[in-house]
Amino acid sequence: MADPKFFTNAGPFSLQQIAECAGCALPSGASPDHMISDVAPLDQADSAALSFLDNVKYKVQFQETEAGACFVTKGMADFAPKATIALITDNPHKAYALAAQMFYPPIERLTQISDQAHISSSAKIGKGAYIEAGVHIGDHVQIGQNCIIEANTVIRENVQIGEYARIGSSATISHAIIGAYVRIYPGVRIGQDGFGFAIDPAGHVKVPQLGRVIIEDHVEIGANTCIDRGAGPDTLIGQGTWIDNLVQIGHNVKIGKGCVIVAQVGIAGSTALEDYVVAAGQVGIAGHLTIGTGAKIAAQSGVTRDIPAGEEHMGYPSMPIKQFLRQHVTLKSLINKGKNT
Amino acid sequence: MADPKFFTNAGPFSLQQIAECAGCALPSGASPDHMISDVAPLDQADSAALSFLDNVKYKVQFQETEAGACFVTKGMADFAPKATIALITDNPHKAYALAAQMFYPPIERLTQISDQAHISSSAKIGKGAYIEAGVHIGDHVQIGQNCIIEANTVIRENVQIGEYARIGSSATISHAIIGAYVRIYPGVRIGQDGFGFAIDPAGHVKVPQLGRVIIEDHVEIGANTCIDRGAGPDTLIGQGTWIDNLVQIGHNVKIGKGCVIVAQVGIAGSTALEDYVVAAGQVGIAGHLTIGTGAKIAAQSGVTRDIPAGEEHMGYPSMPIKQFLRQHVTLKSLINKGKNT
Amino acid sequence: MADPKFFTNAGPFSLQQIAECAGCALPSGASPDHMISDVAPLDQADSAALSFLDNVKYKVQFQETEAGACFVTKGMADFAPKATIALITDNPHKAYALAAQMFYPPIERLTQISDQAHISSSAKIGKGAYIEAGVHIGDHVQIGQNCIIEANTVIRENVQIGEYARIGSSATISHAIIGAYVRIYPGVRIGQDGFGFAIDPAGHVKVPQLGRVIIEDHVEIGANTCIDRGAGPDTLIGQGTWIDNLVQIGHNVKIGKGCVIVAQVGIAGSTALEDYVVAAGQVGIAGHLTIGTGAKIAAQSGVTRDIPAGEEHMGYPSMPIKQFLRQHVTLKSLINKGKNT
């Protein structure tokens, strides 16, 4: 049960409304008018709540749940308790996401521009903007319609931001062109100088960083993440890519569409990720590499070579995951041999 | 000698006062009225200063120290220079900590609420609060007595903070219930959305994050660390846990009492750490795991399985530390064999 | 071509001016008065642009470039296209850096102190300072001439900052003495308490952190990086060292001159790096170690022992790089043997 101090429930909704929202059919026998009042995890849901099972690890919780209804795959539906209506879908997590968005739509902010924000007279602010106190908006900045910019964030000269973007507190944005529906979390740093200099014992010499950061629509960027601007080319984040907290993205990096970059990943300069790449937590990717479409990189791997499209890699340095696991097994058997002799 | 520009020394104190504060006995022959004027590291201490030896690595510095008095374990006391009074204790580091707190108590801030802070009229601020300019405090926030909230920090609607909490500059806190005596360092991000979405090539679908962050009493949270709120369950940090800088704590993570989480650790969603777990620097812990009470994880380890209580693990993927070291030795001997053949 | 919305080109300049600025000779036959209007990457440069080739990986781009002139090493000059003037230098990257600085000098800020900055009456601000709104400057702070301090940054009491320092937005600085020409990026945290406490099941006991952070001239510190102050000794960053984003530097760490610390590196307490050490991305260095002059540490390595001057190390735990590579090869051959039997 979401704490009503922090979350406002737009429900209840009928099973019919939920099935339509989630794009799944109602099971035979279920009443379309059966009302569901909330969403909840399996172990907290009661008979008025909707839940989901996505991870086999939680099968026992599913078998014991008191949820009134639950999104599950066809293969797991038979394990549902009698009192739980199984809503069958290929993607229970997505179905739940859509239904939960219906119950808990994003908070709306009333149009309001604080008179304690510092906004250049040459900036253009779209209709419906919500801008809090302490925000700085530089000369010639363009902010699209219906943006939310929270307290103490700094947007420097000539930056462009598309409509319906939401920018959290205490972020810093410069040298950037940002699309629509982008979400930037608190403390994000976008557009600062890349780490570019010529090494010299007499004193390293800065290379002026002359590119920008281009962020396409529907990108999400987690708290305290840093995205440096390009050195000459731009740094690019493709449409619909999700980036977690504390990620480092170096200058000239190109990230394709729909990628998933988990917390504390570091991507060195001039590396390209094609579309739908998944880099799990704390992965490091060296510079000047290409990671092919749909490649998956296991957590903490250190990538030092190109990865072909569709491959899964793991290790330090990273290798195809089957090779990594063979190596792991080989080592174990060697140690056992050592103990026996 | 601490720089008096930055630190105010409340001393001198007598050996008697120091021994009482640290909970140790005076050695026979030492005068209780002997005055000590400061604390200092072994290699900087003079005859009026108190120091400590906690790490055998610094034994030589101990033998050469000019400190007037020094906390040591019984086993090391005999190596003290003649002019140094050895104050014997089982835990020299703790004894020093207590004595140093007596010499350098935390800075007090006079009660003061800046008229350039942005405080909702519905917020409740306890007596004795110190709130600097540029701070934002949202609707219905509750701040306990004697809290310090430094410049440009943002506390969003309905957050609760216990008494004597200290919150550094430019932090952001939302969807959180925070205990007493909690210290939050500059740039910390608490309560933002977890990294929760259903993966979909047509565009990942956000899962509303409907939990909170619960932080119990006496927790310390280092600079620029991020703690996401729960997806449905809460994210929880147990009493007396210390978290270093740049740590990532995912949604639904439960951390027990008295844990130590060193810098740049990442803990993925829904993992539970029981009490007194130590995770050294840059450790990564995968999601949905349980790390047992008192487990210790060596720096940079990648944890992919549950760790039983009390075990020490290391490696990538992590394993019991003895197994890791055997693996390391086996590899070395194989390489040597290879060279010989 | 740098986007003129974000960058102002001070050119064109003649080949003569460029060669003088970069410290290289003009090739025979090249006209000193030949004008160059911009700098650009190899694959974007046109006949009026200057580029450089520094990484053999981009040899093909060099052979196909349309750049009017290009810095290259002697060995690569013969691969230049006919229409490209090869400017031969031992260090093309440095030559390019110097020329690019001539084309794109750092942005100047007009002297201006915002009346919405919060500046203590006891602070001393040098001539030519540029201080934006929302900045906090505490009692007795000293700021040198011609410093830039961007919006919402907090500088606490008694901090000293040398001339021509540039401090980005939303940074926090306390207990620090900072040299001239230092650049601090947005969100940097300097001078907070180190992670110092005595472990105790009844509640960890804080050790007062009584040192400072000393930052010498010409240091660069990347976005959201954290540098804790010393516990007793100071934390020290030597002259001309460059630190990237999201780096963690623990208390008492000493870093020498001209070091390069890449993104997401973590250096634990009391470790010393001598001069010109390079630590690549995500390296972790344990506490109380010494890393010798000119040592190089490969990305993601975990350093648990001292490294002698000039050595290259890699691995977890780290070892001389040759040993690491032999280990890697040995493992591969063992796996292949396993497959054959």
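Just a few scattered comments:
- Residue in the range B:184-204 that is farthest from the other protein chains (Cβ to nearest Cβ), counting only those that are under 14 Å from the mean Cα position of the chain (by Cα) and open to solvent by less than 10 Å² (accessible area, probe 1.4 Å): B:I184
- Out of B:Q44, B:Q63, B:Q17, sole residue that is touching a residue at least 12 places away in the same chain (Cβ under 8 Å), within 25 Å of C:R212 (Cα to Cα) and surrounded by fewer than 20 Cβ atoms within 10 Å (Cβ to Cβ): B:Q44
- Any hit, the range A:282-297, residues being over 30 Å from C:D217 (Cβ atoms), part of a loop (DSSP other than H, G, I, E, B) and under 12 Å from the mean Cα position of the chain (by Cα): no
- In the set (1) more than 20 Å from C:M1 (Cβ to Cβ); (2) within 14 Å of chain A (Cβ to nearest Cβ); (3) among the hydroxyl-bearing types (S, T, Y); (4) more than 26 Å from the chain's Cα centre (by Cα), C:T65 fails one condition alone, (1).
- Lone unmet requirement of (1) without any contact (Cβ under 8 Å) to a residue 24 or more places away in the chain; (2) aliphatic (A, V, I, L, M); (3) surrounded by fewer than 24 Cβ atoms within 10 Å (Cβ to Cβ); (4) closer than 22 Å to C:Q112 by Cβ for C:I148: (1)
- C:I167 surrounded by 21 or more Cβ atoms within 10 Å (Cβ to Cβ) and in contact (Cβ under 8 Å) with a residue 12 or more places away in the chain: yes
- Given (1) under 24 Å from C:F197 (Cβ atoms); (2) among the β-branched types (V, I, T); (3) at pLDDT 95 or above, index of the condition B:I107 fails: (3)
- Taken over the range C:89-113, the criterion of being within 8 Å of chain A (Cβ to nearest Cβ) and either over 20 Å from the mean Cα position of the chain (by Cα) or over 21 Å from C:A10 (Cα atoms) (or both) is satisfied by C:N91, C:F103.
- Of everything in the range A:247-281 that is open to solvent by 20 Å² or more (accessible area, probe 1.4 Å) and not in a loop (DSSP other than H, G, I, E, B), the residue that is nearest to the other protein chains (Cβ to nearest Cβ) is A:V278.
Condition check ((1) among the hydroxyl-bearing types (S, T, Y); (2) closer than 16 Å to B:L110 by Cβ) across all residues:
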| position | (1), (2) |
| --- | --- |
| B:S122 | yes, no |
| B:N146 | no, yes |
| B:Q160 | no, no |
| B:S169 | yes, no |
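- Counted residues, the range A:47-57 - those being open to solvent by 60 Å² or more (accessible area, probe 1.4 Å) and either at positive phi or not polar (S, T, N, Q) (or both): 3
- Test: residue in the range C:119-141 that is out of contact with any Lys or Arg (no Cβ under 8 Å at 6 or more places or on another chain), at the interface with another protein chain (Cβ under 10 Å from one of its Cβ atoms) and under 30 Å from C:D38 (Cα atoms): no
- Of all the residues in the range A:69-93, those that are open to solvent by 60 Å² or more (accessible area, probe 1.4 Å) and in contact (Cβ under 8 Å) with a residue 60 or more places away in the chain number 1.
- Across the range C:205-224, the qualifying residues are those that are surrounded by fewer than 21 Cβ atoms within 10 Å (Cβ to Cβ) and at the interface with chain B (Cβ under 9 Å from one of its Cβ atoms), and the one among them that is nearest to the chain's Cα centre (by Cα) is C:K206.
- Search result, residues across the range B:225-239 that are of a type outside the set (S, T, Y) and open to solvent by less than 10 Å² (accessible area, probe 1.4 Å): B:C226, B:I227, B:D228, B:G230, B:I237, B:G238
- Selection of the range A:95-129 for residues being more than 30 Å from C:I131 (Cβ to Cβ) and open to solvent by 60 Å² or more (accessible area, probe 1.4 Å) yields A:Q101, A:P105, A:P106, A:I107, A:E108, A:L110, A:T111, A:K127.
- Residue within the range A:298-312 that is of a type in the set (D, E, K, R), within 22 Å of the chain's Cα centre (by Cα) and either open to solvent by 10 Å² or more (accessible area, probe 1.4 Å) or closer than 30 Å to B:R229 by Cβ (or both) present: yes
- Residue that is under 27 Å from C:V154 (Cβ atoms) and in contact (Cβ under 8 Å) with a residue 12 or more places away in the chain, where the choices are A:I155, A:I237: A:I155
- Condition check for A:Y181: open to solvent by 10 Å² or more (accessible area, probe 1.4 Å), within 14 Å of chain C (Cβ to nearest Cβ) and under 17 Å from A:D217 (Cα atoms): no
- Residues in the range A:91-137 that are more than 15 Å from A:I155 (Cβ to Cβ) and assigned to a strand (DSSP E or B): 1 in all.
- Selection status of B:A133, more than 16 Å from B:A25 (Cβ to Cβ), touching a residue at least 24 places away in the same chain (Cβ under 8 Å) and either among the aliphatic types (A, V, I, L, M) or not assigned by TED's automatic domain parsing to the domain that holds B:A25 (or both): no
- The set of residues in the range C:313-331 that are open to solvent by less than 40 Å² (accessible area, probe 1.4 Å) and either of a type outside the set (A, V, I, L, M, F, W, C) or part of a helix (DSSP H, G or I) (or both) comprises C:H313, C:G315, C:P317, C:S318, C:F324, C:Q327, C:T330, C:L331.
The values are calculated or read from the model by the stated rules, or taken from the named source; none is laboratory data. Since the model is a prediction, treat every value here as computed from it, not as a measurement. When we count neighbours, we look across all protein chains shown, and the Cβ atoms used for this are built from the backbone with ideal geometry, even at glycine. Keep in mind that these areas ignore ligands, DNA and RNA; they rest on the heavy atoms of the full protein, side chains included. Shrake-Rupley method; radii C 1.70, N 1.55, O 1.52, S 1.80 Å.
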